[in-house]
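A short write-up of the structure that comes next.
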Amino acid sequence: MEVIPVQKNMKVSLLIFAIGVFMAALDNGIITSSLTTLIYSFGVSPTWGAWTITLYTLGLAVSVPIAGKLSDRYGRKKLFIIEVLLFGTGSLLVALSPNFTFFLIARLIQALGGGGIFVIASSYVLATFPKERHGRSLGMLGGMNGIASVLGPNIGSFILGATGNWHWLFLINVPIAILLLIFGVRFIKEEQEHSQAKMDWSGISVLILGVLSLMYSFTNLDGVNVIDSLLSWKFYVFFLAAIVLFVIFYFMEKRLQHSDIEPVVPVQLLQQSTFRWALLIAFFSGAILASVIFLPGFLEQYMDVSSTVAGYWFTPVALAAGIGAAGGGFLVDKKGPTWTIALASCFSIFGFLLFALWVQSIWQMIVAGVFVGVGFGSMLGAPVNVLVTEEAGEKNKGIAVATSSLSRQLAMSIAPTIFAGFLARSFMNIGSHIQQGFAESGIQVPADLMQKFASKAGAAGDYHSIHQAFLSVPDEGVRNVLLNALHVTVKEGYNGLFWSALIFSVLSLGSALILGAIRRKKAAKLQAGRA
């Protein structure tokens, strides 16, 4: 008689977690649509304005390992409540910020709450739900995470357009957080054995410093002058500091193997080849997801779709990601995680190949986008989390999921620099495209005027300013040549992005095949030992 209420309670708890994951993942993308408005409202420079996104990303990265470890120690339900409370409070403080300093502090509080929600939700499913439901449930959480990341800017634009006030981008989180708190206390049930060992606070501190150093080093990279920025002291000092801190962290954790202090990441996890390969796949999935965020720009700049309707044409990609997440979860339950990742990688490879070689119209973009959406959607949530926790043990599920989430978050912070670099560097070649365009058209333009067009465009390095400048040219023939040169330049930049995203997909496929072989070999040895 008690089976039905237990099953109903599982469905309700999963829905609560899914809404929490969607809310937290949405907030990093939603602010991009209001960045210009925020900069104007607080009267700060664009460089400082970018910290509204950077600080939130850093906060997410810091909170992930802490939330994962504390959830193993104090209980996932309790940590979920705390995380939602932090996120809701941070959202309210952001909306009420009297100055920019207060705004940044509030954003950090918000990020510390949002970062752990996906980790706690995933580890709760793995520890509480029947094994045959892990794939589908984790797929739902991964789908919410992916869809929110993709649709964030579009939803932010809609809210900003409807209200005309950036404060509502954050105030809308408050009632949702209150409802999650009420229903979370009421419906989330958990019987978890809490660890009584002492927390490794020194290890947590070193890990956090290492993560912050690594992420900050990549914020100093210049997409146009990659080599020069790699040699700049700001990059290599912080990058080397991160490597040193990670090495120190490993030996600190190794020293605690036979201690009464519980390590942040058990060394036995790091020593497992399957765990390390799963972290690598998580990194590749984060890079693939980061590339998808550039697709609205592709629609606007290459397809000449207005920014006001670009989001609508992008919706099929988000829907495909949701379908992929559900399908990926189902396949994990039926075929296993490595098989699912391999298939998902093939979808992504084919989709990015279509973008680079075939896409010339809206309907073609939708077809290619659906393949990419199904691909990255299938990777998120279920397969990687099943892989990292299969040998983690009950008390380490939270930190295992947190480590994979941290790996994905690092990729989502690093990869955009790579992708944006292709777009920025393409504008360095616009001068040659302009000269070639005039030569092919037969239009005679004085050399000094042609040089003026090329130098102005190359100096601007920004699509919108170049586009507006070219549109203002009175001569129709000249104007068409200039706009076509811009079109070719944009295609060149996005092609570099698509080919690099395709490489990440190929690496994901290769890693899945290698990991599958390792797991089969382990299973064969285990079976031989039992025989």
Here's a check for you: in the range 213-227, which residue that is part of a helix (DSSP H, G or I) and open to solvent by 60 Å² or more (accessible area, probe 1.4 Å) is modelled with the lowest pLDDT? Ile227
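Give Phe498, Phe470 a once-over and let me know the one that is under 29 Å from Ala424 (Cβ atoms), aromatic (Phe, Trp, Tyr) and touching a Leu at 6+ places or on another chain (Cβ under 6 Å). Full working, then the answer.
Numbers: Phe498 fails: touching a Leu at 6+ places or on another chain (Cβ under 6 Å).
Residue meeting the stated conditions: Phe470.
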The correct count of residues that are open to solvent by 10 Å² or more (accessible area, probe 1.4 Å) and within 20 Å of the chain's Cα centre (by Cα) in the range 84-114 is 3
Note down all Cβ pairs under 6 Å where the first residue falls in the range 344-367 and is closer than 13 Å to Tyr494 by Cα and of a type outside the set (Phe, Trp, Tyr), the second is open to solvent by less than 40 Å² (accessible area, probe 1.4 Å) and part of a helix (DSSP H, G or I), and they're at least six residues apart or on different chains. Leu354/Ala368; Ala356/Asn495; Ala356/Phe498; Val359/Met365; Val359/Ala368
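Residues are listed down the side, and each one gets a yes or a no for (1) closer than 26 Å to Ala318 by Cβ; (2) open to solvent by less than 10 Å² (accessible area, probe 1.4 Å):
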residue: Ala121; (1), (2): yes, yes
residue: Thr128; (1), (2): no, no
residue: Lys131; (1), (2): no, no
residue: Met140; (1), (2): yes, no
residue: Leu151; (1), (2): yes, no
residue: Ile182; (1), (2): no, no
residue: Arg186; (1), (2): no, no
Give the residues of the range 272-324 that are outside any helix (DSSP H, G or I) and either within 17 Å of the chain's Cα centre (by Cα) or on the phi > 0 side of the Ramachandran plot (or both), sorted by residue number. Ile293, Phe294, Asp304
Can you pull out every residue in the range 343-367 that is under 20 Å from the mean Cα position of the chain (by Cα) and of a type in the set (A, V, I, L, M)? Ala344, Ile349
Filter result (at pLDDT below 85 and either under 8 Å from the mean Cα position of the chain (by Cα) or not in a helix (DSSP H, G or I) (or both)) within the range 404-419: Gln409, Met412, Ser413
Tell me yes or no: at least one residue of the range 49-71 is open to solvent by less than 40 Å² (accessible area, probe 1.4 Å), within 21 Å of Pro98 (Cα to Cα) and in contact (Cβ under 8 Å) with a residue 60 or more places away in the chain. yes
Could you check, for the range 180-190, whether at least one of its residues is closer than 17 Å to Glu83 by Cβ, among the hydrophobic types (A, V, I, L, M, F, W, C) and assigned to a loop (DSSP other than H, G, I, E, B)? yes
Taking Val264 and the conditions (1) over 18 Å from Lys69 (Cα atoms); (2) in a loop (DSSP other than H, G, I, E, B), which numbered condition does it fall short on, given that it satisfies the others? (1)
Filtering the range 247-261 down to residues that are touching a strand residue (DSSP E or B) at 6+ places or on another chain (Cβ under 7 Å) and either part of a helix (DSSP H, G or I) or open to solvent by less than 90 Å² (accessible area, probe 1.4 Å) (or both) yields Ile261
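Where in the range 11-118 are there helices (runs of 4 or more DSSP H), lying wholly inside it, with at least 1 residues that are at pLDDT 85 or above?
Numbers: elements: 35-42, 46-49, 51-74, 76-95, 100-114.
The qualifying helices (runs of 4 or more DSSP H) are 35-42, 76-95, 100-114.
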With the requirement that a residue be at pLDDT below 80 and open to solvent by 10 Å² or more (accessible area, probe 1.4 Å), what does the range 347-380 give you? none
Conditions (1) under 30 Å from Met365 (Cβ atoms); (2) open to solvent by less than 70 Å² (accessible area, probe 1.4 Å) -> Ile323 fails only (2)
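Mind telling me which of the residues Pro296, Pro383, Pro337 ends up being modelled with pLDDT under 85, crowded, with 17+ Cβ neighbours inside 10 Å and either under 30 Å from Lys69 (Cα atoms) or touching a Phe, Trp or Tyr at 6+ places or on another chain (Cβ under 7 Å) (or both)?
Details: Pro383 fails: modelled with pLDDT under 85; Pro337 fails: modelled with pLDDT under 85.
Residue meeting the stated conditions: Pro296.
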When you check Leu270 against the structure, is it modelled with pLDDT of 90 or more and surrounded by fewer than 20 Cβ atoms within 10 Å (Cβ to Cβ), yes or no? no
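The values are calculated or read from the model by the stated rules, or taken from the named source; none is laboratory data. Since the structure is predicted, the reported quantities are computational estimates derived from the model, not experimental observations. Because the Cβ atoms are built from the backbone with ideal geometry, glycine has one as well, and the counts that use them run over all protein chains shown. Heads up: the accessible areas ignore ligands, DNA and RNA and are worked out on the full protein's heavy atoms, side chains in. Shrake-Rupley method; radii C 1.70, N 1.55, O 1.52, S 1.80 Å.
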